[in-house]
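Worksheet for the structure shown next.
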Amino acid sequence: MAISKTNAVRLLEQAGIRFELREYEVDPDDLAAESVALKVGMPAEQVFKTLVARGDKHGVCLAVVPGNASLDLKSLAKATGDKKVDTVSLKEVEPLTGYIRGGVTAIGCKKAFPVFADETIELFDRISISAGTRGLQVILAPEDYLRITKARVAGIAKDKDS
């Protein structure tokens, strides 16, 4: 079966970035990054999820955090230069990014929002991110991801329990 090319996949190809695609079975009731990690055979800390946030001064940005962590809104605000940052409502995600929940990626967004990636992204040889649709992940080198998204690296994740 041919894998449909998403904007993200096309942009990676155009940039000459080496990557691998992994398809997985989607459960619309369970879009958690930990579940995706199991399905693509990678540890949750190497499967990064992209969250859409909005700061009080600088507006919309994308936050990329490990699947086994939560977004630390205070740390993200510090990184963006905002006083306060909050994630956007679910109904705003697709109009802002062009992607549906469970398929958001910083590569090929409708608009080039600033991207902030958690510092743990640099600990790995390969990471997994959404290919821009549910059921498809891109496995690539973190430095290639940071370069194509122009992401800034900061400590923006926290343990899920804290």
query = For GLU143, are the conditions met, namely being without any contact (Cβ under 8 Å) to a residue 24 or more places away in the chain and more than 24 Å from SER35 (Cβ to Cβ)?
reply = yes
ask   = On the given criteria, is ALA154 in contact (Cβ under 8 Å) with a residue 12 or more places away in the chain and surrounded by 22 or more Cβ atoms within 10 Å (Cβ to Cβ)?
value = no
ask   = Can you find a residue in region 78-92 that is surrounded by 21 or more Cβ atoms within 10 Å (Cβ to Cβ) and in contact with a helix residue (DSSP H, G or I) (Cβ under 8 Å, 6 or more places away or on another chain)?
value = yes
inquiry  = If I ask for residues that are of a type in the set (Lys, Arg) and touching a helix residue (DSSP H, G or I) at 6+ places or on another chain (Cβ under 7 Å), which ones from region 41-58 would you list?
reply    = LYS49
ask   = Quick one: how many residues across region 74-90 are among the β-branched types (Val, Ile, Thr) and in a strand (DSSP E or B)?
value = 2
query = Quick one: would you say GLU25 is closer than 18 Å to ARG134 by Cβ and charged (D, E, K, R)?
reply = yes
inquiry  = For region 24-44: of the residues being among the aliphatic types (A, V, I, L, M) and touching a residue at least 40 places away in the same chain (Cβ under 8 Å), which is surrounded by the fewest Cβ atoms within 10 Å (Cβ to Cβ)?
reply    = LEU31
key: Odd one out for VAL93, checked against (1) touching a residue at least 60 places away in the same chain (Cβ under 8 Å); (2) of a type in the set (A, V, I, L, M, F, W, C); (3) assigned to a helix (DSSP H, G or I)   = (1)
request  = Filter region 125-147 down to residues that are out of contact with any strand residue (DSSP E or B) (no Cβ under 9 Å at 6 or more places or on another chain) and of a type outside the set (Ser, Thr, Tyr) and give me whichever is surrounded by the most Cβ atoms within 10 Å (Cβ to Cβ).
outcome  = ARG134
request  = Look at ALA69 and say whether it is crowded, with 16+ Cβ neighbours inside 10 Å and without any contact (Cβ under 8 Å) to a residue 40 or more places away in the chain.
outcome  = no
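Rule-based calculations on the coordinates, nothing more; no lab input. Quantities reported herein were computed from a predicted structural model and do not represent experimental measurements. Using ideal geometry, Cβ is built from the backbone for each residue, glycine included, and neighbour counts are taken over all protein chains shown.
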